[in-house]
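The values are calculated or read from the model by the stated rules, or taken from the named source; none is laboratory data. Since this is a predicted model, take the numbers as computed values, not measurements. Cβ: placed from backbone, ideal geometry, glycine included. Neighbour counts: every protein chain shown. Only protein heavy atoms, including side chains, enter the accessible area calculation; ligands, DNA and RNA are left aside. Shrake-Rupley method; radii C 1.70, N 1.55, O 1.52, S 1.80 Å.
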Amino acid sequence: MHAPAPTSAVPAVRFAGVARHFGAVRAVDGVDLSIAPGEFFAMLGPSGSGKTTCLRLIAGFEQPDAGHIEIFGETVEGLPPYRRPVNTVFQDYALFPHLSVGENVAYGLKVRGVARAEREKLAREALALVKLAGLEARRPAQLSGGQRQRVALARALVVRPKVLLLDEPLGALDLKLREEMQVELKSLQRALGLSFVFVTHDQGEALSMADRVAVFNEGRIVQVGPPETVYERPANRFVAAFVGAANVIEPDMAVALGAASGLYSLRPEKIALLAPGVPAPDGAAAIEASVVDVSYQGAVRRLAVRTTAGVALTAAVPASHRAPASGDSVRLAIPLGALMPMEAET
Amino acid sequence: MSLATFDLPSPREGALRRFSDLLLRRGHLIVLLLLAPPLIWLGLVYLGSLFVFLGQSIFSIDEFSGTIVREPTTATLLELFRPANFDILMRTVGIATAVTLLCAVIAFPIAYYAARYAGPRAKAAFYLAVMMPLWSSYLVKVYGWKLLLAKEGAISWFAGRLGLDGALDAWLSLPLVGGPSLSVSYTGMVLTFTYLWLPFMILPVQAALERVPASLIEAAGDLGAGPGYTFRSVILPLAMPGVVAGAVFTFSLTLGDYIVPQIIGTSALVLGQAVYTLQGTAGNIPLAAAFSLVPILVMALFLTLAKRTGAFDAM
């Protein structure tokens, strides 16, 4: 179900050892990546992790201090944005306030010298594609946030980019609209067969939309892979904590549980509550813990517990279970197969 | 110490506190209290006296006795169209237009640098540099320019050293803009006005440019527009409200000034001088009022045209 991982075909975007420094700040610090044609690629990370700078390096708003960038095999270092076959959907949408919606969408066509009748037709089609037909004459100020976002999308798509860049495209929308747009963006990307590169700090957004996710931290990519891999098998402590708040099992605890010594991640939903007197199932270790905090989250209850050895863990148990209260002693079952080894730390 | 036992004494009740309560409950009361003094000043003292003065333009003056005839007539207003008076109007509007255009052309790059490229320190220096001329005496600056522009002045000396005295003489021999020397020509007058009013153009243009989000300029580039096209299609239209605001200052300040043309320039009168002479020595208040109407009408026309051409669309 994933788009093909980058293979022999010319990658849509390729970074080799790319660095971009702002004074002493290493915003992007030696990034290698390869984005396949037709791939929906997410750059995920906290603010200041270098993901937005990477997007701006592809767009041409920034130039690398070191390294090499190619778009469909063509070197683009030194090329200004207006000479690159990519287009951007800006975080603040960046619609021209003095132009109508139709003129905004037709802007890139006008720059390219497309005749008026033709560009009006193409702009109408692009607006219909994002379900905004008939709003050509409005001003951006007269639109809702969600509509502005669609206009920005239409404006970028109408000039037929080879790669579409999206900078936190859904950040300013409310939850319901964001979920709708996630579905729509994804089906649009499938229909157009374009490479989408999108930047987000929301792991849910990255996991649900992308074919592959690159997790950024401190100017570097710390893990790249399909959403399932990044979620299920975080490469290190940072990814485990940032993508879905997994537990980190330290080597001594791993040994105590009966696994080989090493650093592991453990997803909260893999931990089960054991009824009193019931032995742990095969392949699972039982541990005693006391409940520190319980928070109800609809489908699951999140339990913050402390083991008798003093280790803090988070467990997500089905909300249908009888809820333990803070201070209760509980027995937990940890399936050893759910312990995912992570990179050793130096 | 637990939070429950932590108790602050309540503030004491007093007349001032009850008055604050009243103001908070009745929001319009505080607005009224705050606005009444400035509204009385602006409405009655300032606009009121202006309209009373302008109202004089429907009266006329008795040619023999020199007294004001308080009967409504259009004769005074029509006098503006007499060739001698109409020349004054056209001359003044022409000078003001030239000053405004020159100010806009000089101010834009400066304002653009300050708004988009200057760091915090450079920006502080920029504000200081733009504002400082406004702190010094107007007359000192005008007389300074008279010396700069004089036949033996710094400008002609520089022109001579650069071997450009021929060009200067050629310019001065042109009709209309030329004259015996820069200090007694329209060119000199326009240069002096431009120097005087430039800050009034730079500051609003800079403010307008600062409100243009950087992402709009990036978006234009992203969509394929080179720097020139981006400037014409995005930056200039969005800065237009600032240019118009600056133009209102430079235009109206030039229309009303009567000192610069006295010190620098030709013997031909401009509007400000005409009003000055008419209401002073000549005692012709009605005609002075009629002349004073002109800048207001010109500015109204200018703003209407600016609105028509979409200068305020981005506001």
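Summary of values
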quantity: Boolean, B:TYR195 is open to solvent by 40 Å² or more (accessible area, probe 1.4 Å), within 21 Å of B:TRP135 (Cα to Cα) and among the hydroxyl-bearing types (Ser, Thr, Tyr); calculated: yes
quantity: Within segment A:301-319, considering residues that are assigned to a strand (DSSP E or B) and in contact with a helix residue (DSSP H, G or I) (Cβ under 6 Å, 6 or more places away or on another chain), the one surrounded by the most Cβ atoms within 10 Å (Cβ to Cβ); calculated: A:ALA315
quantity: Any hit, segment A:13-34, residues being part of a loop (DSSP other than H, G, I, E, B) and under 18 Å from A:ILE71 (Cβ atoms); calculated: no
quantity: Filter pass, A:ALA133 being away from chain B (no Cβ under 14 Å), closer than 24 Å to B:ALA225 by Cβ and surrounded by fewer than 17 Cβ atoms within 10 Å (Cβ to Cβ); calculated: no
quantity: Members of segment A:61-101 found to be part of a loop (DSSP other than H, G, I, E, B), within 20 Å of A:SER144 (Cβ to Cβ) and more than 7 Å from chain B (Cβ to nearest Cβ), listed by number; calculated: A:GLN91, A:TYR93, A:LEU95, A:LEU99, A:SER100
quantity: Filter result for A:ILE58 (more than 13 Å from chain B (Cβ to nearest Cβ), open to solvent by less than 50 Å² (accessible area, probe 1.4 Å), of a type in the set (A, V, I, L, M) and under 25 Å from the mean Cα position of the chain (by Cα)); calculated: no
quantity: Residue ID - most open to solvent (accessible area, probe 1.4 Å), chosen from residues in segment A:137-153 that are more than 14 Å from A:GLU103 (Cα to Cα) and in a loop (DSSP other than H, G, I, E, B); calculated: A:SER144
quantity: Tabulated pairs, segment A:149-173, first among the charged types (D, E, K, R), second in a strand (DSSP E or B), C-beta under 7 angstrom, 6+ apart or interchain; calculated: A:LYS162/A:ILE71; A:LYS162/A:VAL86; A:ASP167/A:THR88; A:ASP167/A:VAL89; A:ASP167/A:VAL199; A:GLU168/A:VAL199; A:GLU168/A:THR200
quantity: Lone unmet requirement of (1) open to solvent by 10 Å² or more (accessible area, probe 1.4 Å); (2) under 26 Å from A:ILE271 (Cβ atoms) for A:GLY225; calculated: (1)
quantity: Selected residue [more than 14 Å from chain A (Cβ to nearest Cβ) and buried (at least 18 other Cβ atoms within 10 Å of the Cβ)] from B:GLY280, B:GLY246, B:GLY224; calculated: B:GLY246
quantity: Filter pass, A:ARG322 being open to solvent by 60 Å² or more (accessible area, probe 1.4 Å), farther than 30 Å from A:ALA210 by Cα and either touching a Gly at 6+ places or on another chain (Cβ under 7 Å) or charged (D, E, K, R) (or both); calculated: yes
quantity: Test: B:ALA107 is over 30 Å from B:THR266 (Cβ atoms) and under 26 Å from the mean Cα position of the chain (by Cα); calculated: no
quantity: Any hit, segment A:65-80, residues being open to solvent by less than 20 Å² (accessible area, probe 1.4 Å), more than 16 Å from the chain's Cα centre (by Cα) and not hydrophobic (A, V, I, L, M, F, W, C); calculated: no
quantity: Inter-residue pairs, beta-carbon under 8 Å, first free of Cβ contacts under 8 Å to residues at least 24 places away in the same chain and in segment A:120-141, second among the basic types (Lys, Arg) and open to solvent by 50 Å² or more (accessible area, probe 1.4 Å), 6+ apart; calculated: A:ALA133/A:ARG124
quantity: Given (1) buried (at least 19 other Cβ atoms within 10 Å of the Cβ); (2) within 14 Å of another protein chain (Cβ to nearest Cβ), number of the condition B:PRO213 does not satisfy; calculated: (1)
quantity: Strands (runs of 3 or more DSSP E) fully within segment A:224-277 counting 3 or more residues that are touching a helix residue (DSSP H, G or I) at 6+ places or on another chain (Cβ under 7 Å) and closer than 17 Å to A:THR314 by Cβ; calculated: A:264-266
quantity: Complete set of residues in segment A:41-60 that are assigned to a loop (DSSP other than H, G, I, E, B) and farther than 13 Å from A:HIS21 by Cα; calculated: A:GLY45, A:PRO46, A:SER47, A:GLY60
quantity: Among (1) in a loop (DSSP other than H, G, I, E, B); (2) touching a residue at least 12 places away in the same chain (Cβ under 8 Å); (3) within 11 Å of chain B (Cβ to nearest Cβ); (4) open to solvent by less than 80 Å² (accessible area, probe 1.4 Å), the one test that A:ASN104 misses; calculated: (1)
